[in-house]
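Presented below is the structure to which this report refers.
The values are calculated or read from the model by the stated rules, or taken from the named source; none is laboratory data. It should be emphasised that the depicted structure is a prediction, and the values quoted were computed from it without experimental measurement. All Cβ positions, even for glycine, are placed from backbone atoms using ideal geometry, and neighbour counts span all protein chains on display.
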Amino acid sequence: MRKLVIIPTYNERENIEVMLATVLALDGNFSVLVVDDGSPDGTADLVRGCMATAPERVFLLEREGKLGLGTAYIAGFRWALERGYEAIFEMDCDFSHNPADLLRLAAVLEEGEADVVVGSRYVKGVNVVDWPMRRLLLSYGASQYVRCVTRMPVRDATAGFVGYRAEVLRTIDLDKVKMKGYGFQIEMKYSAWRLGFRIKELSIIFCDRTAGTSKMSGSIFGEAFWGVMGLRLRRIHRRG
């Protein structure tokens, strides 16, 4: 499979060069697309420097302004599908997701075990390191809430470490995806599940960032909370 990792960035100069070097060093021959939302700290300039040394594997999509996590990933999905990638992965830039786990996620897709694979913090207990208790309870509670409301059999619905077979992203009508923040992660999993695609969760250890600044906010959780209520009533659209 041709594999692409999409990494959205906003002010990640402390992490981006090390992250790109780490992913490129993996045995899985992953390419990387950085979707940068006009970072004023020069993140995009550092990516361009990495592109000069690995022009066939590192790519940059620059956008004007901070337009939201969901729209960044959708722009990345479209870019990947236009170029024929067969397995497309989402991952944070701050090393809260261990890049080495990409190999495990990719194996699930390559071996045909599932159509969507989720790096899950909650499929085997709670595997989160260095989060404040309030944030942990909010995140875990959100996933429980999503399971209760939607009946979707996914324990970590808000997870942002995800791999999709290209067929899934071609089937979902990306123009109809409504949520822009972390609710986007819920909506994508729910849409894939409702369309009959197989979802598998793999246990990962999630570590809080040690460099840079978190982009989490109350409005992000608010969108997810209210948006989930409408998911079960919404018709899930196939592309075309």
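Give the residue that is surrounded by the most Cβ atoms within 10 Å (Cβ to Cβ), with candidates limited to residues of the stretch 146-196 that are polar (S, T, N, Q) and out of contact with any strand residue (DSSP E or B) (no Cβ under 9 Å at 6 or more places or on another chain).
Once the filter is applied, the top-ranked residue is T158.
On the given criteria, is A211 surrounded by fewer than 18 Cβ atoms within 10 Å (Cβ to Cβ), out of contact with any strand residue (DSSP E or B) (no Cβ under 8 Å at 6 or more places or on another chain), modelled with pLDDT under 80 and not basic (K, R)?
Yes, satisfied.
Say we look at the stretch 49-74 and pick out the residues that are within 13 Å of the chain's Cα centre (by Cα) and hydroxyl-bearing (S, T, Y); which of these is surrounded by the fewest Cβ atoms within 10 Å (Cβ to Cβ)?
This residue is T71.
So which residues in the stretch 18-35 are assigned to a loop (DSSP other than H, G, I, E, B) and over 17 Å from L61 (Cβ atoms), if there are any at all?
Scanning the stretch 18-35 gives A25, L26, D27, G28, N29.
Which residue pairs have Cβ atoms closer than 7 Å, lie 6 or more positions apart in sequence or on different chains, and pair a first residue in the stretch 168-179 that is touching a residue at least 40 places away in the same chain (Cβ under 8 Å) and more than 14 Å from Y73 (Cβ to Cβ) with a second residue that is of a type outside the set (G, A, S) and not in a loop (DSSP other than H, G, I, E, B)?
Listed by first residue and then by second, the contacts come to R170/L81; T171/R238; D173/R238.
Which pairs have Cβ atoms under 9 Å, sit 6 or more apart or on different chains, and link a residue in the stretch 98-116 that is of a type outside the set (K, R) to one that is at pLDDT below 95 and not in a loop (DSSP other than H, G, I, E, B)?
Within 9 Å, the pairs are N98/F206; N98/C207.
In the stretch 184-201, is there at least one residue being at pLDDT below 95, part of a loop (DSSP other than H, G, I, E, B), within 14 Å of the chain's Cα centre (by Cα) and closer than 28 Å to A114 by Cα?
Within the stretch 184-201 (the criterion being at pLDDT below 95, part of a loop (DSSP other than H, G, I, E, B), within 14 Å of the chain's Cα centre (by Cα) and closer than 28 Å to A114 by Cα), the answer is no, since none of the residues qualifies.
Condition first: at pLDDT below 95, closer than 29 Å to L109 by Cα and surrounded by fewer than 16 Cβ atoms within 10 Å (Cβ to Cβ). Can you find one or more residues in the stretch 2-23 that meet it?
Checking the stretch 2-23: not a single residue is at pLDDT below 95, closer than 29 Å to L109 by Cα and surrounded by fewer than 16 Cβ atoms within 10 Å (Cβ to Cβ).
Only residues that are out of contact with any Asp or Glu (no Cβ under 6 Å at 6 or more places or on another chain) and either part of a helix (DSSP H, G or I) or without any contact (Cβ under 8 Å) to a residue 60 or more places away in the chain (or both): list them for the stretch 63-72, please.
E64, G65, L69, G70, T71, A72
Could you say which residue among F77, F95, F89 is part of a strand (DSSP E or B), within 17 Å of the chain's Cα centre (by Cα) and closer than 26 Å to T43 by Cβ?
Step by step, each of F77, F95, F89 is checked, and only F89 is part of a strand (DSSP E or B), within 17 Å of the chain's Cα centre (by Cα) and closer than 26 Å to T43 by Cβ.
Has the stretch 79-101 got any residue that is at pLDDT below 90, farther than 12 Å from K200 by Cα and not β-branched (V, I, T)?
no
Any idea how many residues of the stretch 9-54 are among the polar types (S, T, N, Q), touching a residue at least 40 places away in the same chain (Cβ under 8 Å) and under 25 Å from G181 (Cβ atoms)?
3
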